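In what follows, a structure is listed as structure tokens, so that the remarks can point back to it.
The values are calculated or read from the model by the stated rules, or taken from the named source; none is laboratory data. Quantities reported herein were computed from a predicted structural model and do not represent experimental measurements. Ideal geometry is used to build each Cβ from the backbone, glycine not excepted, and the neighbour counts take in all protein chains shown. Heavy atoms of the whole protein, side chains included, go into the accessibility calculation; ligands, DNA and RNA do not. Shrake-Rupley method; radii C 1.70, N 1.55, O 1.52, S 1.80 Å.
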Amino acid sequence: ANPSSAHSEGRAARAGMERARADIAATLGWRPDIRFTSGATEAIGLVLARVRTEALFASAAEHAAFRRAARAPEPIPVTREGIVEPERVAEAIAGAERPLVAVQAVNNETGVIQPLDEIAPVVAEAGGLLFADCVQSAGKIPLPDADFISISAHKVGGPPGVGALLVKDLGALAALSGQEKGYRPGTQNLPAIMGFAAAVGAGSGWLSGMAALRARLEEAIGPYGAEIAGGGAPRMPTIALYRMPGVRSEMQLVEFDLAGIAVSVGSACSSGSMKPSPVLSAMGWSEDEAREVIRVSFGRGTGEADVDAFAEAWRALASKHGLEPRGKEAGGEMRAASGQAA
Ligand code: PLP
């Protein structure tokens with residue numbers, strides 16, 4: 001039933017929806033408001049359209065969903081490792097009146113984790129509002145102390161087409177009318193919301209072995225030319241971006257696909273465009289370098305056999321393109337894209 005209906009079935013549906021909302025809040029450790037949306041893209045658009053401020057600042061590594069929706073934000077640079085330094089945030093927003101500052105928690109291409117615990121006090125001190133896109137981190141690492149947080153069910157194993165905006169103080173956003181306290185008019189997608197709550201409730205125990213699996217993979221491919229984007233930064237073990245020098249992304253994608261391995265070229269959300277990633281450009285990569293990367297995801301079902309098959313396919317392709325073993329096997333050092341070992 002429609003959770004807005006007044007009959008008993010409607011009231012039962014509403015009770016289920018509110019239980020889902022409370023369960024998601026409790027599991028993620030978010031006390032104040034959660035407004036359901038059709039996904040993170042809508043949550044991002046909602047903040048940008050309704051926030052009561054004109055001064056918009058955003059890290060140079062935000063997701064395309066944010067880049068498309070934002071009205072020419074003032075950029076905050078990232079380091080070569082893809083990190084947003086708190087000092088750069090302070091410099092950028094100095095003197096701005098109640099700025100809205102967008103810094104994602106984890107980058108969807110590189111897995112780089114932003115130091116939001118250090119950035120949040122900088123924004124608060126300047127009287128600003130912090131918007132953290134936590135699509136890649138929610139349910140995996142604690143949520144930051146932000147004013148607005150976007151999350152998406154399909155990144156925690158839930159159904160696509162549902163997400164939420166987490167809001168500390170609803171007064172910071174203009175309301176319209178209708179469902180979700182006037183922040184998201186339209187009938188709520190109750191089956192998807194229930195799936196979202198179930199997925200969040202299932203937890204992230206599966207993540208515990210992921211860092212070791214990723215290390216196993218990177219040790220195997222390092223000697224065969226692999227460069228790791230943000231390799232010297234703290235990274236979530238669920239996503240990684242690797243460059244195979246001299247081999248175009250599309251070629252790699254086809255070769256891995258033939259080997260039965262699904263990788264993507266940069267962000268899956270914009271892979272149709274095959275344009276070099278603005279995130280890598282912001283990290284100082286050249287266009288040519290950025291056209292030689294693939295994005296690899298590690299998930300609930302990933303195991304050692306998958307990692308070893310990937311490493312085998314990498315070695316075969318790298319050897320075909322003349323990338324001879326180096327690093328441990330050749331007495332040299334494995335390279336991270338930053339020049340530091342990962
Ligand atoms: N933000 C990040 C970091 C993402 O990775 C994605 C998509 O995966 C989005 C936003 C968009 O989320 P949705 O597909 O729920 O609109």
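Descriptive notes on the structure:
- Considering only Glu109, Glu81, Glu250, the Gaussian network model of the chain with Cα springs below 10 Å gives its largest mean-square fluctuation to Glu250.
- Dipole of the range 138-207, positive end: most advanced residue of Ala174, Ser152, Pro185 [Cβ charges, Cα centre]: Ser152
- Residue among Ile83, Gly29, Ala6 farthest towards the positive dipole end of the range 1-104, charges placed on Cβ: Ala6
- In the chain, helical runs assigned H by DSSP with n ≥ 4 each contribute -39500 (n - 2.57); averaged across all residues and rounded to the nearest 500, the mean residue ellipticity at 222 nm is -10000 deg cm²/dmol.
- Semi-axes of the equivalent ellipsoid for the chain, Cα gyration tensor, largest first, Å: 37, 24, 16
- Dimensionless Rg ratio for the range 130-237, taking C-alpha atoms and the 2.2 N^0.38 Å reference: 1.38
- Cross-link reach list, lysines versus Lys320, counting only Cα pairs under 28 Å and skipping chain neighbours closer than eight places: Lys275, Lys328
- Residues of the chain: accessible area per residue with a 1.4 Å probe, Å²: 42 Å²
- Net charge of the neighbourhood of Val103, taken over other residues with C-beta under 9 Å away and scored Lys/Arg +1, Asp/Glu -1, is -2.
- Largest GNM mean-square fluctuation across Glu87, Glu219, Glu227, computed for the chain with C-alpha springs under 10 Å, falls on Glu87.
- Total formal charge among the other residues, if their Cβ is under 10 angstrom from that of Ile261, Lys/Arg +1 and Asp/Glu -1: -4
- Extent of the range 1-84 along its three principal axes (Cα atoms, max minus min coordinate, largest first): 55, 26, 21 Å.
- Lys, Arg +1 and Asp, Glu -1 on Cβ, resulting dipole of the chain about Cα centre, debye, nearest 20: 940 debye
- Note on exposure: Thr27, Thr238 ranked by accessible area (1.4 Å probe, complete protein assembly) read Thr27, Thr238, with the most exposed listed first.
- Think of each Lys and Arg Cβ as +1 and each Asp and Glu Cβ as -1; about the Cα centre, that makes the dipole of the range 126-187 roughly 180 debye.
- In Hz, Karplus ³J(HN,Hα) per residue of the range 230-239 (6.51, -1.76, 1.60; θ = phi - 60°; x = Gly, Pro): x, x, x, 9, x, 9, 6, x, 9, 9
- Summing charges over neighbours of Ala120, with a neighbour being any other residue whose Cβ is under 12 Å away from its Cβ, gives -4 when K and R count +1 and D and E count -1.
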